[in-house]
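The values are calculated or read from the model by the stated rules, or taken from the named source; none is laboratory data. Just so we're clear, the structure is a prediction, and the values are computed from it rather than from any experiment. With ideal geometry, Cβ positions are generated from the backbone for all residues, glycine too; neighbour counts draw on all protein chains shown.
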Amino acid sequence: MLRESVRALAEAKIAPHAAAVDEESRFPQEALDALVANDLHAVHVPEAYGGAGADALATVIVIEEVARVCGSSSLIPAVNKLGSLPVILSGSEELKKKYLAPLAKGESMFSYCLSEPDAGSDAGGMKTKAVRDGDTWVLDGVKRWITNAGVSDYYTVMAVTDPEKRTKGISAFVVHKDDEGVSFGAPEKKLGIKGSPTREVYLDNVRLPADRMIGDEGTGFATAMKTLDHTRITIAAQALGIAQGALDYAKGYVQERKQFGKPIGDFQGVQFMLADMAMKVEAARQLTYSAAARSERVSLGSTADKEDLTFHGAAAKAFASDAAMEITTDAVQLLGGYGYTRDYPVERMMRDAKITQIYEGTNQVQRIVMARNLP
Ligand SMILES: Cc1cc2nc3c(=O)[nH]c(=O)nc-3n(C[C@H](O)[C@H](O)[C@H](O)COP(=O)(O)OP(=O)(O)OC[C@H]3O[C@@H](n4cnc5c(N)ncnc54)[C@H](O)[C@@H]3O)c2cc1C
């Protein structure tokens, strides 16, 4: 039922704007409005804080169905989870009440600030620092590649509070868009997901009250990594949705397009390509959903599933994103010259798929994570 209702909404309210959002590199406001009106913009927020209380699998299905029509728009529910999960996992009751309620109501969005210009795969090498001054913390530094920067009101920011302790000297904070000293760089000019703003976040002497720290001092990096264990599955869902969208489009096209006097879908060479694409989509879906089930069990307190989640989250993300890249490339191939133009959606899907192999840890990094947590 959830899938059917999100698909109907996505096709009616989000799909019609996807090409223009990409072409004009503009924020998908229509998608945000439709998702908020239907309570689908941040479904993961627990009911206790005014949210829909969707479990990890339901959240994945929402993201998948939005991504099937528009990769950029799927980053609204995905990054709202990424940005706010540190508060859900490690924040005090006060922080949860203060920040999750406006997120659930659709009044504000949340971003996640881990990466820096010189700290990507090696996120622990970050330079942004937070220095204690009485009852306040003063933050200075630059965060790079921040999804929905400038649109979100709230930012989970990881910063070094004790440089001697490396990753155990990193702490997490909630920063507001309108805190004095916060500003944003120009939007990046990207290959794909052009409707999702990606900007630098500048922190210039940003003074925060001490209660804006998420969890204890020195736990920020662990919280950031724990968050990624759960949210890599949402990127797998994004990849899966993009791949399904490309497969669905190609499936319809080969029945209409005629060459040599018959639909190209009658040729076995074309049928074999579609069979491979569908096989990879289904394998990606199974891996993603079983990782989502592990995410939910860990959220409900299972310690037995914890290491298992780290492996499966990384595996789902790496497999689904590699599959999405192959499937969208094959969809372009099946449309021939037409597939290579912006008159058809599959070239956008191919460009959008690429990012899923890069963010929330590149697929090389996923393989490092998997190798360290082999089942
Ligand atoms: C559009 C977009 C949105 C993003 N959104 C966010 C966001 O909201 N919040 C956030 O914090 N970050 C975000 N990121 C950052 C993203 O997570 C990083 O780009 C990513 O982790 C890679 O870091 P890097 O770009 O510095 O690449 P690098 O770390 O410089 O990597 C370059 C290459 O080297 C490889 N490499 C590096 N180390 C190793 C190794 N040990 N073994 C093998 N290969 C290795 C990588 O796999 C990659 O191929 C976003 C990025 C983009 C492009």
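Some observations on this one:
- Of the criteria (1) within 16 Å of the ligand (Cβ to nearest atom); (2) without any contact (Cβ under 8 Å) to a residue 40 or more places away in the chain; (3) basic (Lys, Arg), which one residue 81 fails: (2)
- The set of residues in the stretch 191-208 being crowded, with 17+ Cβ neighbours inside 10 Å and of a type in the set (Lys, Arg) consists of 194, 199.
- Any hit, the stretch 268-276, residues being within 28 Å of the chain's Cα centre (by Cα) and within 24 Å of residue 314 (Cα to Cα): yes
- Lone qualifier among 206, 298, 254 - being farther than 26 Å from residue 16 by Cβ, assigned by TED's automatic domain parsing to the domain that holds residue 349 and touching a residue at least 60 places away in the same chain (Cβ under 8 Å): 298
- Top-ranked residue in the stretch 88-136 [being without any contact (Cβ under 8 Å) to a residue 24 or more places away in the chain, within 16 Å of the ligand (Cβ to nearest atom) and surrounded by fewer than 17 Cβ atoms within 10 Å (Cβ to Cβ); ranked as farthest from residue 32 (Cα to Cα)]: 125
- Check on residue 358, within 25 Å of residue 195 (Cβ to Cβ) and aliphatic (A, V, I, L, M): yes
- Residue 147 meets each of the listed conditions (1) within 13 Å of the ligand (Cβ to nearest atom); (2) more than 30 Å from residue 20 (Cα to Cα); (3) touching a Leu at 6+ places or on another chain (Cβ under 9 Å) apart from (2).
- Listed conditions (1) touching a residue at least 60 places away in the same chain (Cβ under 8 Å); (2) closer than 18 Å to residue 58 by Cβ; (3) of a type in the set (Ser, Thr, Tyr) are all met by residue 290, apart from (1).
- Helices (runs of 4 or more DSSP H) lying entirely in the stretch 276-375 (those with 3 or more residues that are surrounded by 21 or more Cβ atoms within 10 Å (Cβ to Cβ)): 306-334, 346-355
- Among the candidates 153, 122, 140, the residue that is among the acidic types (Asp, Glu) and over 23 Å from the mean Cα position of the chain (by Cα) is uniquely 140.
- Selected residue (only one of 164, 180 is outside the structural domain of residue 91 (by TED's automatic domain parsing), without any contact (Cβ under 8 Å) to a residue 12 or more places away in the chain and away from the ligand (no atom under 14 Å from the Cβ)): 164
- For the stretch 299-336, the set of residues classified as modelled with pLDDT of 95 or more and either aromatic (Phe, Trp, Tyr) or within 16 Å of residue 59 (Cα to Cα) (or both) consists of 311, 313, 316, 317, 319, listed by residue number.
- Residue match in the stretch 47-54 (condition: within 16 Å of the ligand (Cβ to nearest atom) and either modelled with pLDDT under 95 or assigned to a loop (DSSP other than H, G, I, E, B) (or both)): no
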